[in-house]
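Beneath this line is the structure, given in structure tokens, with notes to follow.
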Amino acid sequence: MKEKFLKFIKDCYGVDKLNNIILYFAIGFSIVNIFKKSFIISVISILLIFIFLFRAFSKNKRKRSMEQVKFFTLISPVYEKLLKFASKDRKNYIYFKCKNCKKELRVPRGKGKIKVICPYCKHEEIKKS
């Protein structure tokens, strides 16, 4: 019995980043379902768990890896914007866009009202920092 199980598991795709995301969403929907008690939310969480298990125990490794590549190319613009937003020094600077040329500018925090001149288009505006 143990050998059969190990032989079955040996050829399975396993868990990847997309599977982790699916599992996190399934757990999140399950937690929401505890408080909200909705049939639709419970069906979604069960469906996500089945998708997770299907992908984890799938023998078609090429197709599962292509699914992951397609998913990450689909969400990469959103993901890059989130990383860009989170990685900036938001504690020390305020970021905004120039009204004239739409370039991103920054001013130091805690300086009161200051006159900002865009280095690209030389547009002047007064910003509160």
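Every read-out reported here was derived from the displayed coordinates using simple, explicitly stated rules and does not represent laboratory data. Just so you know, these numbers come straight off a predicted model, no measurement behind them. Cβ atoms come from the backbone with ideal geometry, glycine included; neighbour counts cover every protein chain shown.
Key figures for this structure:
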| quantity | calculated |
| --- | --- |
| Isolated Cys residues of the chain, judged by Cβ distance under 4.7 Å to other cysteines | Cys12 |
| Flagged links, alpha-carbon separation over 25 Å, of Lys36/Lys59; Lys10/Lys63; Lys36/Lys63 | Lys36/Lys59; Lys36/Lys63 |
| Estimated dipole of the chain in Debye, rounded to 20 [Cβ of Lys and Arg +1, of Asp and Glu -1, Cα centre] | 500 |
| Relative contact order, percent, the chain [alpha-carbon distance under 8 Å, six or more residues apart] | 17 |
| Residue pairs, from the table Lys4/Lys70; Lys103/Lys127; Lys91/Lys128; Lys61/Lys81; Lys99/Lys127; Lys91/Lys115, whose Cα atoms sit over 22 Å apart | Lys4/Lys70; Lys61/Lys81 |
| Leu105 long-range amide H proximity, modeled H, under 5 Å | Phe96, Lys97, Cys98 |
| Segment 53-129 - charge dipole about Cα centre, Lys and Arg +1 at Cβ, Asp and Glu -1, debye rounded to 20 | 160 |
| 12 Å Cα-Cα reach of Lys113 towards aspartates and glutamates, excluding residues that sit fewer than 8 places from it in its own chain | Glu125 |
| Listed candidates (1) -0.85, -0.89, -0.94; (2) -0.63, -0.72, -0.81; (3) -0.76, -0.83, -0.89 - label of the one calculated as log10 I(q)/I(0) by the Debye sum over Cα atoms at q = 0.15, 0.16, 0.17 Å⁻¹ | (1) |
| Simple spin-label estimate for Tyr95 and Lys115 in nanometres, 7 Å along Cα-Cβ | 2.8 |
| In nm, spacing of pseudo-spin labels at Lys122 and Glu3 (7 Å Cα→C-beta vector) | 8.4 |
| Amide H partners (placed H, <5 Å) of Val116, local residues excluded | Glu125, Ile126, Lys127 |
| Check: segment 30-71 dipole with +1 on Lys, Arg Cβ and -1 on Asp, Glu Cβ, in debye | 240 |
| CD proxy at 222 nm, helix term only [per DSSP H run n ≥ 4: -39500 (n - 2.57); per residue of the chain; nearest 500] | -19500 deg cm²/dmol |
| Cβ-based charge dipole, segment 7-113, positive-most Cα from Phe8, Ser58, Leu48 | Leu48 |
| Rounded, prolate or oblate (a/c below 1.5 giving rounded, otherwise prolate when a/b exceeds b/c) for segment 1-76 by Cα gyration tensor | oblate |
| Span from the segment 55-129 Cα centroid across to the segment 20-48 one, whole angstrom | 30 |
| Under 16 Å from the Lys10 label point (7 Å along Cα→beta-carbon), backbone N, segment 28-70 | 59 |
